[in-house]
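Engineer: Just dropping this structure here.
Coordinate-derived values only; no laboratory data. Computed from a prediction, not measured in an experiment: that's the story for all the values here. No Cβ is skipped: glycine too gets one built from the backbone with ideal geometry, and neighbour counts run over all protein chains shown.
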Amino acid sequence: MRVLTYGCSFNRADSDAMAAALGKTKADVVVYNTCCVKDATEQKILNALRREKNPVVVTGCLAEAEPGKILRARPDASLVGISQQYRIADAVKSAARGKPVRWLGKGKRKLEAFCDGAFARIRICEGCLGACSFCETRIARGGLRSYGVREIRLAAERCVRNGAKELQLCAQDDGAYGKDIGASLPELTAELNKVPGDFRVRIGMLNPEHALRVLSAFSPPKVYKFLHIPVQSGSDTVLRKMRRPYTVAAFRRTIASYRKKYPRITIVTDVIVGFPGETEADFKKTMDLLREIRFDIVNISKYSARPGTKAALLPQVPNFVIKKRSEEASAFCRAMSEEKNREWIGWEGDALFLDKLKDGTVGGRNDSYKSIAIKGAKIGETRRVKVVGATHACLLATSREVAAPRRTC
């Protein structure tokens, strides 16, 4: 019995809930929790389904948005819609008996959160308020549906009692939280900050149009000073085609406001290269914006047309052009990330250590959610460290007890 997860932290939160529902279920069945954001991910999922020898139950965004693709790749697959995941145990048992189910469409969802080691992923809302022309997730997840502040706090309290040290607030857009129920992200984080215990809160991705409204959400001491805010393009022309409801100038003002209030905040963004109609001049504007703002991390994605989206109907940029732009942007952003990390050399402060890394070091986070690697730390403990080196991906540190690790991360 395995649960395989593709995509975002929200999908991982769904998988946590399904794994708990399956409990000790014994069956030679594999559950695929799928994603439909990128064509490359879709192809990886479909190829895995074709190769899989065991019966499969397929759920998640791809199963919801494009069940036909799943069935063409794997005609005997069981399909479980996102709102039907509470029935996952029954679906697995039926698949094990050779009787695939097709449970799509409306169902019930409830807030569940479970610890995964020192981490707990808590879904605060589902769906979004956007209308991006390139996004298939909106087709799968629908409009905004927020969970109540009290309900989320109770889930957080359970996770902290069970040993969680980092609470990850998951959504398609954390910034939209509460707009459908008269609540807000600042209200939520203020409430979570009152939960007793030694833990931290990480706010997930939020869209630029909500960012200034939720600026104070990052103020509580237990909340990491970490902002994931996708700009997608540095060209207003491309942003209009994407149906993103902000301008580059407004985005600049937002970043300036966050850096003024939280001087050492870590800022992560997402960029799509090769969006339909993107010219060399548009791409240059994106590169100029990256140089100007100097993000800590940039996630570069090559545009791929998603079925059912408006962008798929537009004239497409040739693949070789997209590949070239992706390589140029990725190389620049990797170097920029290392430069930003090197600015932390000499810093001393506390870091919370949460997971073991492949080379035997232990990974932690400081207040700005910077990844820090040292030797000898224990999972869940906070240590005073000094940063002595950096790569593009993490800070290398020493503590009073151990020497600096030598690693490439």
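A quick yes/no check of all residues on (1) crowded, with 19+ Cβ neighbours inside 10 Å; (2) touching a residue at least 24 places away in the same chain (Cβ under 8 Å); (3) among the hydrophobic types (A, V, I, L, M, F, W, C):
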{"site": "L71", "(1), (2), (3)": "no, no, yes"}
{"site": "A77", "(1), (2), (3)": "yes, yes, yes"}
{"site": "D90", "(1), (2), (3)": "no, no, no"}
{"site": "K93", "(1), (2), (3)": "no, yes, no"}
{"site": "E112", "(1), (2), (3)": "no, yes, no"}
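Engineer: Also: Residues of the range 202-249 being of a type in the set (G, A, S) and more than 25 Å from I124 (Cβ to Cβ), which ones?
Structural biologist: Hits for the range 202-249 are S233, G234, S235, A249.
Engineer: Could you say which residue among R306, R325, R383 is in contact (Cβ under 8 Å) with a residue 24 or more places away in the chain, crowded, with 20+ Cβ neighbours inside 10 Å and part of a loop (DSSP other than H, G, I, E, B)?
Structural biologist: Answer to the check: R306.
Engineer: Which residue pairs have Cβ atoms under 6 Å apart, sit 6 or more places apart or on different chains, and have a first residue in the range 11-25 that is free of Cβ contacts under 8 Å to residues at least 60 places away in the same chain and a second that is among the hydroxyl-bearing types (S, T, Y) and surrounded by 18 or more Cβ atoms within 10 Å (Cβ to Cβ)?
Structural biologist: From the range 11-25, the pairs are N11/T5; S15/T5.
Engineer: Now, a different point. When only residues in the range 366-380 that are basic (K, R) and farther than 8 Å from F353 by Cβ count, which is surrounded by the most Cβ atoms within 10 Å (Cβ to Cβ)?
Structural biologist: Applying the filter and picking the extreme gives K370.
Engineer: Could you identify the single residue in T269, T247, T237, T254 that is of a type in the set (S, T, Y), more than 26 Å from F320 (Cα to Cα) and in contact (Cβ under 8 Å) with a residue 40 or more places away in the chain?
Structural biologist: Matching residue, one of T269, T247, T237, T254: T254.
Engineer: Turning to a different aspect of this structure: Hey, could you check the range 259-294 for residues that are in a strand (DSSP E or B) and touching a helix residue (DSSP H, G or I) at 6+ places or on another chain (Cβ under 9 Å) and say which is farthest from S368 (Cα to Cα)?
Structural biologist: V273
Engineer: Being among the β-branched types (V, I, T) and under 27 Å from R161 (Cα atoms) is the filter; apply it to the range 196-225 and report the residue that is surrounded by the most Cβ atoms within 10 Å (Cβ to Cβ).
Structural biologist: By that ranking, first place goes to I203.
Engineer: Against the definition (touching a strand residue (DSSP E or B) at 6+ places or on another chain (Cβ under 6 Å) and either surrounded by fewer than 22 Cβ atoms within 10 Å (Cβ to Cβ) or under 30 Å from S146 (Cα atoms) (or both)), how does Q84 come out, yes or no?
Structural biologist: Yes.
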